[in-house]
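Here's the structure, in structure tokens; my notes come after.
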């Protein structure tokens, strides 16, 4: 990596970036598989696809693909484009040229969450069901005890964990060996979920502003409290040594190396930002982390040096989504006012 | 503490009432009337509405217990999720209407707006509107506690289908409603015909409008009731209130009896304070704030209102008097 936060340039000028203004809140953003394009899911049904190169001009806005809000978006792990989900009850595969095909339609449902795995699989949730898209097939898993509020793949893509009221459910996706789902119970409503990058832990954020973490193999669990708001954004570092959590004014990372975080305080570092962090995204390979705030501020942190720099000042529009490019040099940022920001961190 | 009310908060009207009382008719009327406003409607039965409106959202009525040690603190998980989703739309709304199923307890819906910070930031509970079938109300009271609870929670009551009962029967139904909830506004309607200004944008949960909303708020009274019936009562005091004692008493009261108290409101003359202290609550949840200034020479009196079950007015009055200076 060539990103060095000790470089005085960070204090003097903001890195090169391109901002495209729209008038619809941004629900999600993602880079495509090879990192050449970046897309933003908007509140008017548009999926805006832009060149990832921040110096390239932005093409005109496209027609809405969804009728309503595009609630979820991922880079297509089996193609060059994207996969989107909307409150019109549809999941679409969007090709690199902008044409779309419908993967699934469920009348009256909202496709609120999508996750992708590098093996080519995509999982989506709508209502109490989880849907798996793989090798041209769609399979439904569920029903869960309540609406699925978050989901994630295991490290190897062989399982999907779904968060709901009363705990989480882990599904084995294999068609050869059909295993019953495993239920990990914890009372209350779980609203965010991330499976650790080493596959050993599953973390959730709860309605009661706590974090809950299960050790998958042992089915033991732990709880971290003390957040002033719901933790809706969780992100594991690439080496799985830390779990970043939103809803604090600084980067907050729970240590999972060695014996785990029990009895230890979280590592908090960086300059205090304006407001609370709404989204946090660990770098896909290195020791960096991006954090967006409800004030619109955006920070880049380095856990090794415990420094942070400001990438964008507070402007009153809460950051709603963040995504790293596959090579880790670019960052996509969306907010609730409709600004589509792409930043190039090489300098 | 109180949530500041801002214009950015979308008003939410909750529509309750037994199956067949006329909720869907009312919703269809609201949506089809030419009022130039845009409403999102959250319903529990998709397809019942006659209007093809893409802002109709189907809800599952997922009632979640909060894992916070408060036994009666339940919220509607689906509402939290749907409101969050609606706020991602480019087109904003003038209001949100939430229809509940005929047998739903309005408590969890109301508590969602007291409990969830994200919901509070984006929306405000405007009023609970209950539609009652004049012909079948007594029968529904006998079937369970739901009909009674829906009346108890109401800010506005549409006493509907008045054309299907005699004047005598209607008077009896209205008496019974008043026995449960003397503070709600009652409108007599046929086929849910009502001016929308009677039910929308009422500010019934706005602490600044507590006095304005209720015509009977300043009349106190105790009636004789069976203990387990839902009733409403008010207690008053002319001496200033000791804030510490009051806090302690109200906290303990809601802790012990919160499950039985559906709605509570109050205006307090706090000892030495130039402003009124106002509060309102749903079960154990409560919001409070400083209200308007007492005028020079104005009589400073306090008044508390409770709507609930197993309420002993004399006991409450005595306990409240122990909180006075």
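Numbers at a glance
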quantity	calculated
Test for residue A:16: is it surrounded by fewer than 21 Cβ atoms within 10 Å (Cβ to Cβ), touching a residue at least 12 places away in the same chain (Cβ under 8 Å), over 30 Å from residue A:142 (Cβ atoms) and out of contact with any helix residue (DSSP H, G or I) (no Cβ under 8 Å at 6 or more places or on another chain)	yes
Some residue of region A:3-13 being touching a strand residue (DSSP E or B) at 6+ places or on another chain (Cβ under 9 Å), over 15 Å from residue A:341 (Cβ atoms) and within 12 Å of chain B (Cβ to nearest Cβ)	no
Selection from region A:137-150 of residues that are crowded, with 19+ Cβ neighbours inside 10 Å and more than 14 Å from chain B (Cβ to nearest Cβ)	A:141
Residue selected from region B:85-108 under the condition more than 14 Å from chain A (Cβ to nearest Cβ) and part of a loop (DSSP other than H, G, I, E, B), by the criterion surrounded by the fewest Cβ atoms within 10 Å (Cβ to Cβ)	B:94
Qualifying position, being outside any loop (DSSP other than H, G, I, E, B), at pLDDT below 90 and within 14 Å of another protein chain (Cβ to nearest Cβ), among B:119, B:57, B:75, B:41	B:57
Answer from A:111, A:82 - the residue that is closer than 25 Å to residue A:156 by Cβ and either more than 13 Å from chain B (Cβ to nearest Cβ) or surrounded by fewer than 21 Cβ atoms within 10 Å (Cβ to Cβ) (or both)	A:82
Complete set of residues in region A:59-75 that are more than 11 Å from chain B (Cβ to nearest Cβ), assigned to a loop (DSSP other than H, G, I, E, B) and either modelled with pLDDT under 95 or surrounded by 23 or more Cβ atoms within 10 Å (Cβ to Cβ) (or both)	A:59, A:60, A:61, A:62, A:63, A:66
Filter result (closer than 16 Å to residue A:42 by Cβ and not in a loop (DSSP other than H, G, I, E, B)) within region A:76-96	A:82, A:83, A:84, A:85, A:86, A:90, A:92, A:94
Residue ID - surrounded by the fewest Cβ atoms within 10 Å (Cβ to Cβ), chosen from residues in region A:28-49 that are within 14 Å of another protein chain (Cβ to nearest Cβ) and closer than 19 Å to residue A:327 by Cα	A:29
Matching residues in region A:85-105 - criterion: being surrounded by fewer than 23 Cβ atoms within 10 Å (Cβ to Cβ) and away from chain B (no Cβ under 14 Å)	A:93, A:95, A:96, A:97, A:98, A:99, A:100, A:101, A:102, A:103, A:104, A:105
Residue that is touching a strand residue (DSSP E or B) at 6+ places or on another chain (Cβ under 6 Å) and away from chain B (no Cβ under 14 Å), where the choices are A:56, A:52	A:52
Yes/no for residue A:161 being touching a strand residue (DSSP E or B) at 6+ places or on another chain (Cβ under 8 Å), more than 14 Å from chain B (Cβ to nearest Cβ) and either in a loop (DSSP other than H, G, I, E, B) or crowded, with 19+ Cβ neighbours inside 10 Å (or both)	yes
When residues of region B:287-300 are limited to those that are surrounded by 11 or more Cβ atoms within 10 Å (Cβ to Cβ) and more than 24 Å from the chain's Cα centre (by Cα), the one farthest from residue B:276 (Cα to Cα)	B:300
All positions within region B:255-291 that are closer than 18 Å to residue B:113 by Cα and not in a strand (DSSP E or B)	B:258, B:259, B:283, B:284
Criterion violated by residue A:134 - all others in (1) in contact with a helix residue (DSSP H, G or I) (Cβ under 8 Å, 6 or more places away or on another chain); (2) away from chain B (no Cβ under 14 Å) satisfied	(1)
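Each row is one residue, and each column tells you yes or no for (1) without any contact (Cβ under 8 Å) to a residue 24 or more places away in the chain; (2) more than 18 Å from the chain's Cα centre (by Cα); (3) away from every other protein chain (no Cβ under 14 Å).
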position	(1), (2), (3)
A:213	no, no, yes
A:216	no, yes, yes
A:220	yes, yes, yes
A:227	yes, yes, no
A:240	no, no, yes
A:264	yes, yes, yes
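The values are calculated or read from the model by the stated rules, or taken from the named source; none is laboratory data. Computed from a predicted structure; not experimentally measured. Because the Cβ atoms are built from the backbone with ideal geometry, glycine has one as well, and the counts that use them run over all protein chains shown.
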